[in-house]
Amino acid sequence: MAQSETPESPHGLGERGLNARRKARQGRRYYALTAASTLLPGLGLIPSRRRTGWIILGGFVLTVLAVLGYALAKGVTSSVISVGVSRRALMILIPVVIIATIVWIWGIITTARDNLPEGSSGRPKIAMVVFAALAALLIFAPAAQSVRYAVIQRSLIGNVFDQFRPDGATAPGEGEDPWAGTDRVNIMLVGSDAGADRDGIRPDSLMVASIDTQTGETVLFGIPRNLQNIPFSADNPLSQKYPDGYNCGDECLMEYVWTLGRDNADLFPSGVNPGLVATKDAASQILGVHIDYTTVINLEGFTQLVDAMGGVTVDVKERVCIGCKIEGGVVVGTTGYIEPGVQELDGYHALWYSRSRADSKDGDFSRMRRQRCMVGALLNQVNPTSMLVRYPALAKTLQDNVTVDIPQQDLKAWAELVLRIQEGGTIKSLPLTNKNIDVNRPDYDKIHTMVQEAIYPPEPTPSTSSSTSSSSTSTSTTTTPSTSSSTTTNGDELSDITSSC
C-alpha cells in the first residue's frame, strides 16, 4: 500500500510551513498596527475600522495644528504661560486631556484586538498582550502626570494668589505688552517668624523689590527689623495714635509694627489684615516709594521649600551657629555650626544660615547679608527640569506657607515680567544697615535719596587724564560711573545680589 504524502505548495512548502508563514505575517501586522495606533491615535485602526480610524486621526491632526498655530501666533513660552496661570484654562484642559487619553488608549486596545492572529496561544499571545498593555501605558503615564500637575497648579493658584487687586496697586494692561506705560512695580517680601511658640507675626526679614517693568532690572532693598522712629502716612490708621510716628525708642522697632497693627485692628477697615497693611505703609514711608503688592512667607516653611528644591549650595563666609540665641548677653543653646566654605545645605541648615544672629559680629546686619546671599543662591540654582520633577512637593510647600496679594487675573503679566528679569535683568541689592544709616535715628531724607539713586542711577560722568612723555603727549578720556557716598558706605553698598556670597 502506497504511503500518503503531504501536498506541497508551488514553492515546495508543506501546509505546516504555510501556516507558520501566515502566522508570522499576522504577528508582524499586529505589532506594526498596534505601534501605529500608539504613535498616532487611530492610525492602526484604518485597515479594520476605516471610518473610525480616520475620524480619530483627523481629530488629532486638527488639534495639533490648532495648538501649533496658537503657539506660533502667541509665542511658545507665552502660550504655555497663558494656560499654566489660568484656572479657567486649566479647568478646560483637564477633561480634554482625560477624554483624549481614553480615546487614544481605546484605539490602541481595539487595534490590538482586531489584529490578534486567530488561534494565538502560549508565549506568542502573551507577548502580544504585554506589548499592547505597554503601549497603552506609554500613553496613560504622561497623560496622568499632566492631569495631576494641572490639578495641583489650579489648586495652587486658588490658594496662594488673591482674587482682587489691592487698592492703589499698579495694574498691568491688556495689550501685547501688559507693562507698557508702567515704569516700575514694587513688591514687599515679608519673611514671617510665626510659630506655635510665638505671639502673632513679627517680620524676621523685610525686603522690597523694585522692578523696572521693561528691562527686568531689579533692586532689592533690605529693611532692618531694629529700625527705630518708624514713620506712618496720614492714611495709616495708626497715625491717629502715633501722629509723629512710632518713636518710643528701642521698644518701638520696625519688627513690632505688624503686631501694633494687629493690636489696633479696630482702627482698620474690616476685611483687611491690619498687621500687613501697617507694615506695608511703614515700609513705603521708610523707602519713599509706593508699594503695590506683598508676599508673606512663613520661614518655618522655608525648610520645606529648600528640601523640595533638593538643597542649596552656599559659600559660607563666616562660622554660623545652629540652635543659638542670646540670653542675658550670653550665647546659649548652640547645637552645632555651619563651617566656612562651600556648603551644600539642606532646609534645616539653610534656615539657620539665614536666621542665625546670636554669634555674628554684626548681629542682625550680618544676618541680612546672609539672607541676600541665600536669595541669590536660590535664584541662581533654580533648574526648570529638576523643579518640574519636584513640583508637587514645591506646590504643597507654597500653598502651606506663602500668601501673595497679586490677583489671579494678572498672573500672565507677572509671569512675563519674571521672564524679563531672568532673561535680561540683573538683581541688585541695597540693604539699610548700620554701615550706611543710623538705625536708632534714621535720616529718612538720606534714605529716600539712596533709594532713588539705586532705582535711577545717575548717568556716568567723564573724567579726563593726561600723560606726557618726552616724545609725545596723549590725552585719554575714560568713563567713570559717579559714585554716591550714600550707596557706597563701608561695605553695604548697592551691588549685584550674587556678590553677597
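The values are calculated or read from the model by the stated rules, or taken from the named source; none is laboratory data. What you are looking at is a predicted structure, and each value in this text was computed from that prediction instead of being measured. Reconstructed Cβ throughout: ideal geometry from the backbone, glycine too, with neighbour counts over all protein chains shown.
Key figures
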| quantity | calculated |
| --- | --- |
| Helices (runs of 4 or more DSSP H) wholly inside region 53-171 containing at least 1 residues that are of a type in the set (D, E, K, R) and over 25 Å from Val389 (Cα atoms) | 87-114, 122-160 |
| Some residue of region 122-142 being closer than 27 Å to Lys412 by Cβ and not aromatic (Phe, Trp, Tyr) | yes |
| Identity of the residue in region 214-249, surrounded by 20 or more Cβ atoms within 10 Å (Cβ to Cβ) and of a type in the set (Val, Ile, Thr), that ends up modelled with the highest pLDDT | Ile230 |
| Any chance Gly12 is at pLDDT below 95, outside any loop (DSSP other than H, G, I, E, B) and of a type in the set (Gly, Ala, Ser) | no |
| Top-ranked residue in region 306-330 [being exposed (fewer than 13 other Cβ atoms within 10 Å of the Cβ) and modelled with pLDDT under 85; ranked as farthest from Asp359 (Cα to Cα)] | Gly328 |
| Residues located in region 410-442, provided they are among the acidic types (Asp, Glu), over 19 Å from Gly181 (Cβ atoms) and either assigned to a helix (DSSP H, G or I) or in contact with a helix residue (DSSP H, G or I) (Cβ under 9 Å, 6 or more places away or on another chain) (or both) | Glu423 |
| Near pairs, Cβ below 7 angstrom, 6+ apart or cross-chain, from region 164-188 (in contact (Cβ under 8 Å) with a residue 24 or more places away in the chain and charged (D, E, K, R)) to any residue that is in a strand (DSSP E or B) and surrounded by 15 or more Cβ atoms within 10 Å (Cβ to Cβ) | Arg165/Pro407; Arg184/Ser210; Arg184/Ile211; Arg184/Asp212 |
| Residue selected from region 72-114 under the condition without any contact (Cβ under 8 Å) to a residue 60 or more places away in the chain and within 18 Å of the chain's Cα centre (by Cα), by the criterion surrounded by the fewest Cβ atoms within 10 Å (Cβ to Cβ) | Val80 |
| Test result for Leu287, surrounded by 20 or more Cβ atoms within 10 Å (Cβ to Cβ) and more than 27 Å from Arg355 (Cα to Cα) | no |
| Val160 being at pLDDT 95 or above, buried (at least 16 other Cβ atoms within 10 Å of the Cβ), under 30 Å from Lys74 (Cβ atoms) and out of contact with any Lys or Arg (no Cβ under 7 Å at 6 or more places or on another chain) | no |
| Boolean, Thr303 is touching a residue at least 40 places away in the same chain (Cβ under 8 Å), β-branched (Val, Ile, Thr) and not in a strand (DSSP E or B) | yes |
| Residues located in region 53-83, provided they are in contact with a helix residue (DSSP H, G or I) (Cβ under 6 Å, 6 or more places away or on another chain) and at pLDDT 95 or above | Gly53, Ile56, Leu57 |
| In region 137-196, residue farthest from the chain's Cα centre (by Cα) [restricted to those that are more than 19 Å from Val296 (Cβ to Cβ) and of a type in the set (Lys, Arg)] | Arg184 |
| Residue within region 269-279 that is assigned by TED's automatic domain parsing to the domain that holds Val439, in a loop (DSSP other than H, G, I, E, B) and under 28 Å from the mean Cα position of the chain (by Cα) present | yes |
| When residues of region 348-387 are limited to those that are crowded, with 18+ Cβ neighbours inside 10 Å and outside any helix (DSSP H, G or I), the one modelled with the lowest pLDDT | Ser360 |
